[in-house]
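The values are calculated or read from the model by the stated rules, or taken from the named source; none is laboratory data. Because the structure is a prediction, the values reported are computed rather than measured. Ideal geometry is used to build each Cβ from the backbone, glycine not excepted, and the neighbour counts take in all protein chains shown.
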Amino acid sequence: MNKEKRLSILLKGFIKENPVLVLILGTCPTLAMSTSVISALAMGLSATIVLFCSNVVISLLRNIIPSQVRIPSYIVIIAGFVTMVQMLLHAYLPNLYAMLGVYLALIVVNCIILGRAEMYASKNGVINSALDGIGMGLGFTLALFLMATIREVFGNGSFAGIEIGFLQNYKISILTQAPGGFFVFGCMIALVNKITHGKAIKKKEFSCSGCPSASFCHKDECNNTLEEKEAN
């Protein structure tokens, strides 16, 4: 496979097929972990590691796993990597582990990871599956980071826990709450939809021929249209 094709597989998760803003997957951790930049990056990178590793293993075993038990098998594989990530964070980054809380364990049932395993890794080679895992994981991380930046900067007056002095008196506290999260989420979905699918609206041409008031209108163009109709 040529380099352009592999590059497209890697990059499609950023905007064109972003798992959060286009495919609308992983909404629960997205809204819960996007209140701060640090938690967003931690969740995104953890999911990326699990997605990459599970995609590779599932691709390697795609011809061995029976189709009747493929979903339970995928969940077991994903759960194994999630457990590894949990143990590493618990051992070396306990504060980050506590910050992610139950949402770290819920990566096991994250629709993004299970969805890519079923739709892509189980049908493609190892290299392409690895690239797909990295691309989708980084796309997830990017969406979380952008949402967290908006919510933390304007809602809490800080960035990555560092206070921004001139914003302390202008904080929009609702952005750090659930309604604000849904609002930012919806705005970002609309923006990405506009970028990926938005098309310039063609200007509709109107003429006097379809106007019900053309018979008593005194505009020259209306009169000309009526004369043309009568002549025909």
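Tabulated data
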read-out	value
Residue in region 202-215 that is within 19 Å of the chain's Cα centre (by Cα), modelled with pLDDT under 90 and of a type in the set (G, A, S) present	no
Hey, I49 farther than 19 Å from I127 by Cβ and in contact (Cβ under 8 Å) with a residue 40 or more places away in the chain or not	no
The lone exception for V82 - which of (1) surrounded by fewer than 22 Cβ atoms within 10 Å (Cβ to Cβ); (2) over 25 Å from G161 (Cα atoms); (3) of a type in the set (V, I, T); (4) touching a helix residue (DSSP H, G or I) at 6+ places or on another chain (Cβ under 7 Å) it fails	(1)
Single residue of region 162-194 satisfying the filter (loosely packed, with under 11 Cβ neighbours inside 10 Å and among the hydrophobic types (A, V, I, L, M, F, W, C)) that is nearest to A148 (Cα to Cα)	I162
Selected residue [farther than 12 Å from A121 by Cα and surrounded by 16 or more Cβ atoms within 10 Å (Cβ to Cβ)] from L89, L93	L89
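Residue-wise test of (1) part of a helix (DSSP H, G or I); (2) in contact (Cβ under 8 Å) with a residue 40 or more places away in the chain; (3) aliphatic (A, V, I, L, M).
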site	(1), (2), (3)
N128	yes, yes, no
G135	yes, yes, no
L142	yes, yes, yes
F145	yes, yes, no
I150	yes, no, yes
F154	yes, no, no
N169	no, no, no
A190	yes, no, yes
